[in-house]
1. Which residues, counting only those in the stretch 48-69, are buried (at least 16 other Cβ atoms within 10 Å of the Cβ), aromatic (Phe, Trp, Tyr) and modelled with pLDDT under 95?
2. Is it true that residue 72 is surrounded by fewer than 19 Cβ atoms within 10 Å (Cβ to Cβ) and either without any contact (Cβ under 8 Å) to a residue 12 or more places away in the chain or not polar (S, T, N, Q) (or both)?
3. Can you tell me which residues in the stretch 140-162 are of a type in the set (A, V, I, L, M) and surrounded by 14 or more Cβ atoms within 10 Å (Cβ to Cβ)?
4. Which condition number does residue 137 fail, the rest of (1) within 26 Å of residue 7 (Cα to Cα); (2) in a loop (DSSP other than H, G, I, E, B) being met?
5. Across the stretch 114-136, what is the number of residues that are of a type outside the set (Gly, Ala, Ser), in contact (Cβ under 8 Å) with a residue 60 or more places away in the chain and on the phi < 0 side of the Ramachandran plot?
6. Which is over 11 Å from the mean Cα position of the chain (by Cα) and touching a residue at least 60 places away in the same chain (Cβ under 8 Å), of 150, 144?
7. Considering every residue within the stretch 101-112, establish whether at least one is in contact with a Phe, Trp or Tyr (Cβ under 7 Å, 6 or more places away or on another chain), among the basic types (Lys, Arg), part of a strand (DSSP E or B) and farther than 15 Å from residue 60 by Cα.
Amino acid sequence: MRKLSFILCMVLVLSVCSVGFAAEPAYSDANPPAPVFSPDAVYAESPDFSMNIAPYAITTVLDWSNSITKVSSTSVRCNSYTVASGIADKIGVEYVLYQYNGGWQRYKSITHSKSRSASFSDAASFSVASGYSYYVTTYHRTYSGSTVVSTKTATSGSIYVS
């Protein structure tokens, strides 16, 4: 089901992106198009390559989801999936695990991220105490540099770990 959702999402993203390029723009000599790589552009030194790269466009979170499953009587696994509107500088997912102990209380948290990507499938495992219910809330974020551009929240159903 996730593969089908991902494929449908990518088809939708690509079909929306291609509409903008479907028609030839009407430029004149007096109004030429702006260059793709302007000398005025701000460039950042890439740690992965020995060349300068232009910063990525600002992107937003388009699709997001999470789930929680019991792995054992002392462990749970939380899965997440995030799709951005384009290639983001970074996609981050913060997992916040809650435990029911007379009321829902924040129990543990961890953040994972992926650089220069348009989608991010991830998982986090947590050690837990047996005999309690748990659920996870995930915060899916896209970044431009170190600035958060977009945040979406997903909350799973609860599970009982025995």
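1. 56
2. Values: surrounded by fewer than 19 Cβ atoms within 10 Å (Cβ to Cβ): yes; either without any contact (Cβ under 8 Å) to a residue 12 or more places away in the chain or not polar (S, T, N, Q) (or both): yes.
Considered against the rule, which asks whether it is surrounded by fewer than 19 Cβ atoms within 10 Å (Cβ to Cβ) and either without any contact (Cβ under 8 Å) to a residue 12 or more places away in the chain or not polar (S, T, N, Q) (or both), residue 72 comes out as yes.
3. Result: 149, 154, 159, 161.
4. All conditions pass for residue 137, except number (2).
5. Within the stretch 114-136, the first condition is being of a type outside the set (Gly, Ala, Ser), and the residues that meet it are 114, 116, 120, 122, 126, 128, 132, 134-136.
Next cut, in contact (Cβ under 8 Å) with a residue 60 or more places away in the chain only: 116, 134-136.
Restricting the remaining residues to those that are on the phi < 0 side of the Ramachandran plot gives 134-136.
The qualifying residues number 3.
6. On the way: 150 fails: over 11 Å from the mean Cα position of the chain (by Cα).
The match here is 144.
7. Restricting attention to the stretch 101-112, the residues satisfying the condition of being in contact with a Phe, Trp or Tyr (Cβ under 7 Å, 6 or more places away or on another chain) are 101, 104-110.
The next check asks that each one be among the basic types (Lys, Arg); those that pass are 106, 108.
Next cut, part of a strand (DSSP E or B) only: 106, 108.
From what's left, farther than 15 Å from residue 60 by Cα: 106, 108.
Yes, the stretch 101-112 contains a residue that is in contact with a Phe, Trp or Tyr (Cβ under 7 Å, 6 or more places away or on another chain), among the basic types (Lys, Arg), part of a strand (DSSP E or B) and farther than 15 Å from residue 60 by Cα.
The values are calculated or read from the model by the stated rules, or taken from the named source; none is laboratory data. Only a predicted model underlies this, so the values are computations on that prediction, with no experimental measurement involved. Every residue, glycine as well, gets a Cβ built from its backbone with ideal geometry; the counts of neighbours run over all protein chains shown.
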